[in-house]
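Chemist: Sharing a structure with you now.
The values are calculated or read from the model by the stated rules, or taken from the named source; none is laboratory data. Keep in mind that this is a model prediction, so the values were computed, not measured. Cβ: placed from backbone, ideal geometry, glycine included. Neighbour counts: every protein chain shown. Accessible surface areas use protein heavy atoms only, side chains included; no ligands, DNA or RNA. Shrake-Rupley method; radii C 1.70, N 1.55, O 1.52, S 1.80 Å.
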Amino acid sequence: MRASLALLLGLLVSSAAAQDLTAYRTLAYSLDRAAAQVGSDREAARAELGRAETALTALAPTLPGGEGGTLASNLRTTVARAQSALSRTPAEVQANVLLTRGLLRRALYDQALGTLPPQPGAANDSAALRLLGRELGLQGEELASLSLQARLGQRGAVQWRVQRVAANKVLAALQATGTAQPRTTNYLSLTRASSWFALVREPGREATPPLGVPQFEQALQQVSSGDQTGLAESLTNLQAGATDLNQRLAAHPPAAAPATSGAPASPDTTIIPDPATATTDPGTSDGGDLTPGVTEQMPPAATEPAAPAPAAVSTPVQTLDAVYAALARALTASGHGDPAQARTTLAQVTPLLGELPPAVRSAPAFEPFGRDLQTLQQRSGLRPDDIQALIATLGSAEQQAAGQAVAGSDGFSAGVARSLGGGVRALLGLALAALCLLPLYLLRLAFGGSNVYWRSIWAGLLTALLPLLFEGLFGLLGWLGDLLDLPLLRGAVNLTLSQGAGGLLVRGLLSAAGLALLAYGFRGLCQQFGLLGRRVAAVPTSRPPSRYTQADMDWDEEL
């Protein structure tokens with residue numbers, strides 16, 4: 001653990017590498033899920049750590065130093081230690097997860113600052129910075145303020161806001177420790193504090209008493225050895241150092257003017273400006289603390305008019321809206337016959353699930369939603385109906401969280417989509433299309449084609465069955481195209497009539513035409529039988545003259 005802590009807190013090399021944020025979110029979500037499940041379901045935690053390892057493989061080439069760099073190596077080490085700790089205690093797994101998350105946040109912090117130009121512009125509000133804000137627990141106006149400072153090119157203000165929130169989390173985690181607490185609690189709280197400390201540690205800036213790597217290592221060693229006397233002294237010093245750091249950050253916010261340099265913050269440079277030249281900047285309250293009980297000190301009021309803040313870009317359920325938006329994009333992609341893009345978009349939803357409102361996550365429908373989401377990310381031949389059922393399941397979870405009744409049809413639709421999707425749907429459609437040919441063949445065989453009314457009935461039946469024939473043929477081709485990665489075949493699914501409103505219109509027209517032909521044919525037969533109006537003579541046919549007498553006229557022509 002001490003070696004891992006040294007790796008974490010020693011990683012202070014800034015970088016502007018463009019990380020794969022989708023892989024980052026997946027890795028972070030899988031790690032958090034593993035830490036949450038290790039105490040109750042060890043196998044589920046093992047599966048989540050396996051997914052984290054896969055996500056790390058995708059993320060590693062985009063990290064500073066690339067796949068063979070120090071950061072990627074350190075991340076692999078901490079993930080591997082978490083996996084090996086599964087056979088020992090949950091606390092070891094959780095501690096390694098905390099250290100891994102600290103490494104990830106520091107790398108994301110360096111990227112967000114490294115890609116932040118000093119000139120004002122909408123492009124400054126990068127995806128990495130917004131993700132970092134959510135990692136810090138910022139929501140609503142707090143996240144909007146961070147984005148505004150980035151768009152204004154206020155690098156110092158962005159650094160100050162991020163580090164101030166992180167420093168507050170360090171203090172909160174340290175205040176959760178104490179000699180009266182169980183050893184495991186102190187062990188995890190100290191590790192959590194050191195994880196957040198990676199965001200605020202800057203060489204050349206020391207708190208009073210000192211707050212740094214040696215102090216955290218010493219405290220962790222005292223926890224492990226059971227040295228209560230030494231631990232009490234170390235915790236007092238760490239808490240005092242964290243308090244001093246928070247006070248210094250709160251007392252000296254950075255100047256509001258944009259920075260003059262576009263280079264990333266140097267690890268050897270303090271972000272606290274000279275008090276003589278510093279002006280105040282609108283503050284923010286902390287959000288998303290890992291441990292309760294800390295009230296953040298607000299900076300003084302601004303001494304000059306600040307730029308008007310934008311309207312709040314999110315609500316406490318902003319992540320839920322983001323999930324719905326991603327599902328809508330996946331639905332659009334599947335409706336255009338692009339299941340590969342739909343699966344990619346669905347993969348972006350998984351990391352957001354841990355940020356949904358707790359009431360939604362605890363709803364009965366949320367667990368099947370998560371399972372179905374994972375299933376659809378692996379399904380070939382993804383269709384709009386699958387994603388519509390997924391959206392309905394999430395809607396049911398939201399209604400349950402609000403105490404409202406849910407429609408039973410949503411659960412039925414989800415079950416059908418779960419059981420009859422992908423290859424099962426394609427093969428079932430092919431079987432139904434083949435069965436459609438049987439009544440058409442038997443009708444032709446039994447009544448021939450000489451009577452115009454029977455021909456009309458045959459044509460009407462064929463027209464009414466065309467949607468099933470299209471679904472069976474083109475649905476199978478689309479599924480094979482997706483399975484074999486053949487774009488030409490994959491697009492065949494667009495010729496089915498279940499992809500969107502256009503198909504609904506064509507299906508309606510075909511049904512109307514089929515009904516018209518059937519009605520015409522049966523009406524003619526009824527007239528020949530004398531059931532409608534006056535009995536009419538048999539309709540002339542193109543057959544050669546019958547060898548039978550008039551009394552023995554072939555029965556199909558009589559009809």
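Chemist: Considering (1) modelled with pLDDT under 90; (2) within 30 Å of A340 (Cβ to Cβ); (3) open to solvent by 60 Å² or more (accessible area, probe 1.4 Å), say which one L531 fails and leave the rest.
Modeler: Of everything listed in (1) modelled with pLDDT under 90; (2) within 30 Å of A340 (Cβ to Cβ); (3) open to solvent by 60 Å² or more (accessible area, probe 1.4 Å), L531 misses just condition (2).
Chemist: Regarding the stretch 364-378, can at least one residue be identified that is of a type in the set (G, A, S), surrounded by 15 or more Cβ atoms within 10 Å (Cβ to Cβ), assigned to a loop (DSSP other than H, G, I, E, B) and under 18 Å from the mean Cα position of the chain (by Cα)?
Modeler: Yes, the stretch 364-378 contains a residue that is of a type in the set (G, A, S), surrounded by 15 or more Cβ atoms within 10 Å (Cβ to Cβ), assigned to a loop (DSSP other than H, G, I, E, B) and under 18 Å from the mean Cα position of the chain (by Cα).
Chemist: Working carefully through the options Q139, Q175, find the one that is farther than 25 Å from L190 by Cβ, touching a residue at least 60 places away in the same chain (Cβ under 8 Å) and of a type outside the set (D, E).
Modeler: Q139 is the lone residue from the list that is farther than 25 Å from L190 by Cβ, touching a residue at least 60 places away in the same chain (Cβ under 8 Å) and of a type outside the set (D, E).
Chemist: Could you please find all residues in the stretch 454-508 being surrounded by 17 or more Cβ atoms within 10 Å (Cβ to Cβ) and β-branched (V, I, T)?
Modeler: I457, T463, V493, T496
Chemist: Could you check the stretch 40-66 and list, in sequence order, the residues that are closer than 18 Å to V93 by Cα, open to solvent by 50 Å² or more (accessible area, probe 1.4 Å) and touching a Leu at 6+ places or on another chain (Cβ under 8 Å)?
Modeler: Answer for the stretch 40-66, where residues must be closer than 18 Å to V93 by Cα, open to solvent by 50 Å² or more (accessible area, probe 1.4 Å) and touching a Leu at 6+ places or on another chain (Cβ under 8 Å): R42, R46.
Chemist: Scan the stretch 150-170 for residues that are polar (S, T, N, Q) and open to solvent by less than 10 Å² (accessible area, probe 1.4 Å) and jot them down.
Modeler: Q163, N168
Chemist: Would you confirm whether any residue within the stretch 218-229 is open to solvent by 10 Å² or more (accessible area, probe 1.4 Å), of a type outside the set (S, T, N, Q) and at pLDDT 85 or above?
Modeler: For the stretch 218-229, residues open to solvent by 10 Å² or more (accessible area, probe 1.4 Å), of a type outside the set (S, T, N, Q) and at pLDDT 85 or above: present.
Chemist: Which pairs turn up if I take residues in the stretch 513-527 that are among the small types (G, A, S) and look for partners that are surrounded by fewer than 19 Cβ atoms within 10 Å (Cβ to Cβ) and not in a helix (DSSP H, G or I) with beta carbon separation below 8 Å, at least 6 apart in sequence or on another chain?
Modeler: Between residues of the stretch 513-527 that are among the small types (G, A, S) and residues that are surrounded by fewer than 19 Cβ atoms within 10 Å (Cβ to Cβ) and not in a helix (DSSP H, G or I), the close pairs are G524/V539.
Chemist: A follow-up question, please. For the stretch 440-453, name all the residues that are without any contact (Cβ under 8 Å) to a residue 24 or more places away in the chain and either open to solvent by 50 Å² or more (accessible area, probe 1.4 Å) or more than 14 Å from L525 (Cβ to Cβ) (or both).
Modeler: Passing the criteria: Y441, L442, R444, L445, A446, G449.
Chemist: I've got another one for you. I'd like to verify a number: residues in the stretch 394-427 that are crowded, with 18+ Cβ neighbours inside 10 Å, of a type in the set (A, V, I, L, M) and assigned to a helix (DSSP H, G or I), how many?
Modeler: Final tally of qualifying residues: 6.
Chemist: Surrounded by fewer than 24 Cβ atoms within 10 Å (Cβ to Cβ), assigned to a helix (DSSP H, G or I) and among the charged types (D, E, K, R): which single residue out of R192, R130 fits that description?
Modeler: Only one candidate passes the filter, namely R130.
Chemist: Right, here's the next one. So, of the residues in the stretch 381-393 that are more than 11 Å from D410 (Cβ to Cβ) and out of contact with any Pro (no Cβ under 7 Å at 6 or more places or on another chain), which turns out to be most open to solvent (accessible area, probe 1.4 Å)?
Modeler: Once the filter is applied, the top-ranked residue is D385.
Chemist: Could I ask something else about it? Would you confirm, using the coordinates I've provided, whether L430 is at pLDDT 90 or above, open to solvent by less than 40 Å² (accessible area, probe 1.4 Å) and in contact with a helix residue (DSSP H, G or I) (Cβ under 8 Å, 6 or more places away or on another chain)?
Modeler: no
Chemist: Criterion first (out of contact with any strand residue (DSSP E or B) (no Cβ under 6 Å at 6 or more places or on another chain), under 30 Å from T243 (Cβ atoms) and either modelled with pLDDT of 90 or more or hydrophobic (A, V, I, L, M, F, W, C) (or both)) does V79 satisfy it?
Modeler: When the stated conditions are applied, V79 does not pass them.
Chemist: Turning to a different aspect of this structure: Go through the stretch 367-380 and report how many residues are under 18 Å from F412 (Cβ atoms) and not β-branched (V, I, T).
Modeler: 6
Chemist: Okay, next question. Which one is most open to solvent (accessible area, probe 1.4 Å), of the residues in the stretch 338-360 that are more than 14 Å from the chain's Cα centre (by Cα) and at pLDDT below 85?
Modeler: P358
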